[in-house]
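**Q** Please read through the structure below; I'll follow up with questions.
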Amino acid sequence: MEKVAILAITKNGIIISTRLKQIFPSWDIFAPLKFQDEKISANWYEEQTSRKISELFEVYDGLVCLFSLGAVIRLIAPYLKDKKTDPAVIVIDDKANFVISVLSGHLGGANELSDEIAHKIGSISVVTTAADVNRTIPVDMIGREFGWEIEDDSNVTKISALMVNQEKIGIFQDVGEKNWWKSELPENTRAYDSLETLLQSDSKAYLIISDKIFDQEILKNSIVYRPKTLVVGIGLHGDTSKEKIKESLDFILSKHRLALKSVARLVSIKKPIAVKGLIEAAKDLQLKVEYFDRDELANIKIPNPSQMVEAYEGTPSVSEAAAIKSSGGALLVQKQKFPPDLTIAIARIE
């Protein structure tokens, strides 16, 4: 976790905060000015703690509060929004006996951080999240360490409850990292080799890890995870607009039933002047752009070489060659032309 604030409002709490600071040097200590000690490197504040915590709640990824759980709950209550945006909040009692994960246990990382702190200061970690207590799969966290995204999180609460209550959950994966669950699957879950066998099973719900688009009938009982497996190669002119790039990409992904959230990056040829439309399209889609020199692309074996492209760019292919080069894999979608100024090809990362 990058930005963590330690908030201590008692003398004992401040002593504990200095121990934490030694273990986690990047963390910032905040404490009331009335306890100021020149030997302690801290941010000493004059305002009320209720006002200070509202500021820290907005700025930091995590808050470690060294005072009572009840007081912390009352202080943070006005600022709670949802588990996707709230920071991780951890409470440590005045004797450092317990490290309690209070808020944003999974998505915010409070559970993991609580365990880490407790291990390093010799305390007991208190985690109450059902998935952790019952040692089941936290369905909202699958693949997070690899950058996977959930296509639609509307089923997360429902399927989390099924998982915790030991209902049968089927799993199907056809792309992405395989080591997302590092121990044996829980007894109520089973992995299937094909989508067909998954759907024929007696599973109450499905966890699907794929870059493909599925019918609504499947989605109503599923959480679909999107590994970053697709690379989109783009050949274009200097004046190709971002609107055309986005509309054409949407068309080709829909046509081939591939998910936008599984696109890892856009790739193209390095031009003397970067194409504004490509930069803007990537920004809108929250994707990065990777460029290759013409010499790097000229030696890539591609199915659809073009003499016109070679005359213009110095390589017989841009979209297909760039997609293959960047992905290290094979083409899923050969180049499709969107006259007069755009071609798109898609490859899957090995």
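The values are calculated or read from the model by the stated rules, or taken from the named source; none is laboratory data. What you are looking at is a predicted structure, and each value in this text was computed from that prediction instead of being measured. Don't worry about glycine lacking a Cβ; one is built from the backbone with ideal geometry, like all the others, and counts go over all protein chains shown. These accessible areas exclude ligands, DNA and RNA; they are computed on the full protein's heavy atoms, side chains included. Shrake-Rupley method; radii C 1.70, N 1.55, O 1.52, S 1.80 Å.
**Q** On alpha-carbon atoms, Rg over Rh for region 133-253 using Kirkwood Rh? Don't jump to the answer; show the numbers that get you there.
**A** Working: Rg = 17.0 Å, Rh = 16.0 Å.
That ratio is 1.07, to two decimals.
**Q** Another question about this same structure. Against the 2.2 N^0.38 Å scaling, with N counting residues, where does region 1-158 land? I'd like the Cα-based Rg ratio to two decimal places. Write out the running numbers ahead of the final one.
**A** On the way: Rg = 16.0 Å, N = 158, 2.2 N^0.38 = 15.1 Å.
Region 1-158 yields a ratio of 1.06.
**Q** Rounded, prolate or oblate: pick one for region 2-52, where a ≥ b ≥ c are the square roots of the eigenvalues of its C-alpha gyration tensor, a/c under 1.5 means rounded, and failing that, prolate if a/b is larger than b/c, else oblate.
**A** On the way: a/c = 1.87, a/b = 1.30, b/c = 1.43.
Cα axes put region 2-52 in the oblate bin.
**Q** Which listed residue (Pro303, Thr240, Ile324) has the Cα farthest towards the positive end of the charge dipole for region 219-331, taking +1 on Lys and Arg C-beta and -1 on Asp and Glu C-beta about the Cα centre?
**A** The Cα lying farthest towards the positive end belongs to Ile324.
**Q** Taking amide hydrogens as modeled 1.01 Å from N in the peptide plane, which residues meet the under 5 Å criterion relative to Phe67, leaving out close sequence neighbours?
**A** Ile92
**Q** Further question on the same structure: In Å, what Kirkwood hydrodynamic radius results for region 228-338 from the alpha-carbon pair distances?
**A** 13.9
**Q** Have a look at Phe172, Phe57, Phe35 and tell me which one the Gaussian network model of the chain (Cα, springs below 10 Å) gives the largest fluctuation.
**A** Taking springs between Cα atoms under 10 Å, the residue moving most is Phe35.
**Q** Now a separate question. HN-Hα J couplings of region 216-224 from phi, Karplus 6.51/-1.76/1.60, θ = phi - 60°, integer Hz, Gly and Pro as x?
**A** 4, 4, 6, 5, 5, 10, 10, 10, 10
**Q** Would you please give the residues with an amide H less than 5 Å from that of Glu290, counting only those at least 5 places away or on a separate chain, with H modeled from the backbone geometry?
**A** Counting only residues 5 or more places away or on other chains, the set is Leu266, Val267, Ser268.
**Q** Only Cα pairs within less than 10 Å get springs; with that Gaussian network setup on the chain, which residue of Asp152, Asp61, Asp284 has the largest fluctuation?
**A** Among Asp152, Asp61, Asp284, the largest mean-square fluctuation in the Gaussian network model of the chain belongs to Asp284.
**Q** What percent does the relative contact order of the chain come to when contacts are Cα pairs within less than 8 Å and at least six residues apart?
**A** Working: 675 pairs, mean separation 35.4, N = 350.
Answer for the chain is 10 percent.
**Q** On to the next question. Rounding to the nearest 20 debye, state how big the charge dipole of the chain is about its Cα centre with +1 on each Lys and Arg Cβ and -1 on each Asp and Glu Cβ. Each step should come with its number before you reach the end.
**A** Working: 44 positive and 49 negative charges, 40 e Å.
The calculation lands at about 200 debye.
**Q** Let me ask something else about it. Carbon-plus-sulfur fraction of the accessible area of the chain, 1.4 Å probe, in percent?
**A** Details: 9090 of 18330 Å².
Carbon and sulfur: 50 percent of the exposed surface of the chain.
**Q** Tell me the label only: which of [x] 181; [y] 141; [z] 157 is volume of the Cα convex hull per residue in Å³ as calculated from this structure?
**A** So the structure-derived entry is [x].
**Q** About its Cα centre, what dipole magnitude does region 1-152 give when the only charges are +1 on Lys and Arg Cβ and -1 on Asp and Glu Cβ, stated in debye to the nearest 20?
**A** On the way: 16 positive and 22 negative charges, 134 e Å.
Here the size comes out at about 640 debye.
**Q** Accessible area per residue of region 39-92 at 1.4 Å probe, in Å²? It would help to have the intermediate numbers written out before the result.
**A** Working: 2890 Å² over 54 residues.
I get 54 Å² per residue for this part.
**Q** Would you tally the net charge around Thr343, using a Cβ to Cβ cut-off of less than 13 Å, leaving Thr343 out, and scoring K and R as +1, D and E as -1? List each step's numbers first, then the result.
**A** Details: positive: Lys244, Lys335, Lys337; negative: Glu313, Glu320, Asp341.
Neighbourhood net charge equals 0.
**Q** Could I ask something else about it? Return the calculated 222 nm mean residue ellipticity for the chain, to the nearest 500 deg cm²/dmol, obtained by summing -39500 (n - 2.57) across DSSP H runs with n ≥ 4 and dividing by the residue count. Intermediate results must be reported in sequence, preceding the final value.
**A** Details: 13 runs with 112 residues, N = 350.
Counting only the DSSP helices, I get -9000 deg cm²/dmol.
**Q** Let me ask another. Could you give the accessible area per residue of region 224-332, probe 1.4 Å, as a whole number in Å²?
**A** Values: 5410 Å² over 109 residues.
Value for region 224-332: 50 Å² per residue.
**Q** Search the structure for amide H atoms under 5 Å from the amide H of Gln173, placed 1.01 Å from N in the peptide plane, and list their residues when 5 or more places away or on another chain.
**A** Tyr192, Ile209
**Q** Right, another one. Just tell me which aspartates and glutamates come within less than 14 Å, Cα to Cα, of Lys34; anything on the same chain fewer than 8 places away is out.
**A** Partners within reach: Glu46, Glu47.
**Q** Let me ask another. What ratio of Cα Rg to 2.2 N^0.38 Å holds for region 52-99?
**A** On the way: Rg = 10.7 Å, N = 48, 2.2 N^0.38 = 9.6 Å.
Expressed relative to 2.2 N^0.38 Å, the Cα Rg reads 1.12.
**Q** Report, in cubic angstrom per residue, the convex hull volume of the C-alpha atoms of region 142-196. Don't jump to the answer; show the numbers that get you there.
**A** Details: hull volume 5.9 nm³, N = 55.
Cα-based convex hull of region 142-196, divided per residue, equals 108 Å³.
**Q** Let me ask another. Taking only protein heavy atoms into account and a 1.4 Å probe, give the accessible area per residue of region 156-199 in Å².
**A** Details: 2670 Å² over 44 residues.
Averaged over the residues of region 156-199, the accessible area is 61 Å².
**Q** State the percent of C-alpha pairs, over all pairs in region 81-194, separated by a distance greater than 25 angstrom.
**A** Details: 1848 of 6441 pairs.
Roughly 29 percent, once rounded to a whole number.
**Q** For region 321-337, what does the Karplus curve 6.51 cos²θ - 1.76 cosθ + 1.60, with θ = phi - 60°, yield as ³J(HN,Hα) per residue in whole Hz, taken in order and with x for Gly and Pro?
**A** 5, 5, 5, 5, 4, 6, 7, x, x, 10, 5, 8, 10, 5, 4, 10, 8
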